[in-house]
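Read the structure below first, then the notes.
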């Protein structure tokens, strides 16, 4: 029962993390910058993995898609690939978890389900690492440009999407590790349940307590 509860906790963590990771991919604000006037903000520049936009004080946005993939900066191409890999790995991890968890009626024998659960954990850990790497690469580029005194173009700050991605990555990694560790917990429980106890009854009139001998 404890092992099943552990798997449910891991499933909730990983699915929550995967949803955050998946929502990071289309979110607009990977990096953001504002141009302030004397009274109000006159324009807000923001960008993600697919386009760059500017929003004026009236709320009207003008966006421009990035050019051909071959003309993109290398770090954006890397981040795109890692984020897509993170979403795909999380999807396969969720599918394997649904099949391998003890609370489901599919997946075959207990040994097969345990292996599927561990495989699901590996998928989620890799998904979290991919997303965390992508967000970290993007954040490193933004901060490097921001603090570079020789960089004369528009400077940006970290957007909300990066923090959402980091949070989702942590949840995926934690839940995936719990899935992986649930195998050893289940194995220990099965070994205890398989022990055959030999009870020794005390002799009549004796005071020796009940004992047991381990199996040979």
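Read the figures in this text as sums done on the coordinates, not as results from a lab. What you are looking at is a predicted structure, and each value in this text was computed from that prediction instead of being measured. Using ideal geometry, Cβ is built from the backbone for each residue, glycine included, and neighbour counts are taken over all protein chains shown.
As an exercise, use a Förster radius of 41 Å and the Cβ-Cβ distance of residue 106 and residue 84 to find the FRET efficiency, rounded to the nearest 0.05. Intermediate values should be presented prior to the final figure.
Numbers: r = 28 Å, r/R0 = 0.69.
With R0 = 41 Å, the Cβ-Cβ based efficiency is 0.90.
Checking a compactness column here: for region 18-175, what do you get for Rg(Cα) / (2.2 N^0.38 Å), N being the number of residues?
Output field value: 1.30.
Kindly identify region 124-187 as rounded, prolate or oblate by the Cα gyration tensor criterion: order the square roots of the eigenvalues as a ≥ b ≥ c, call it rounded if a/c is under 1.5, otherwise compare a/b with b/c, prolate if a/b is larger, else oblate. Mind showing how you got there, number by number?
On the way: a/c = 5.71, a/b = 3.89, b/c = 1.47.
Since a/c reaches 1.5 and a/b is larger than b/c, the shape of region 124-187 is classed as prolate.
As an exercise, use a Förster radius of 30 Å and the Cβ-Cβ distance of residue 73 and residue 19 to find the FRET efficiency, rounded to the nearest 0.05.
Given R0 = 30 Å and the Cβ-Cβ separation, E is 0.60.
Rounded to the nearest 0.05, what FRET efficiency do residue 170 and residue 60 give with R0 = 41 Å and r taken as the Cβ-Cβ distance? Could you check? Kindly include the intermediate steps, with their values, before the conclusion.
Values: r = 36 Å, r/R0 = 0.89.
The value I calculate is 0.65.
How high is the relative contact order of region 1-153, in percent, with contacts defined as C-alpha pairs under 8 Å that are six or more residues apart?
Numbers: 171 pairs, mean separation 29.0, N = 153.
That works out to 19 percent.
Separation of region 69-97 and region 101-157 by C-alpha centroid, Å?
Centre-to-centre distance over Cα atoms comes out at 9 Å.
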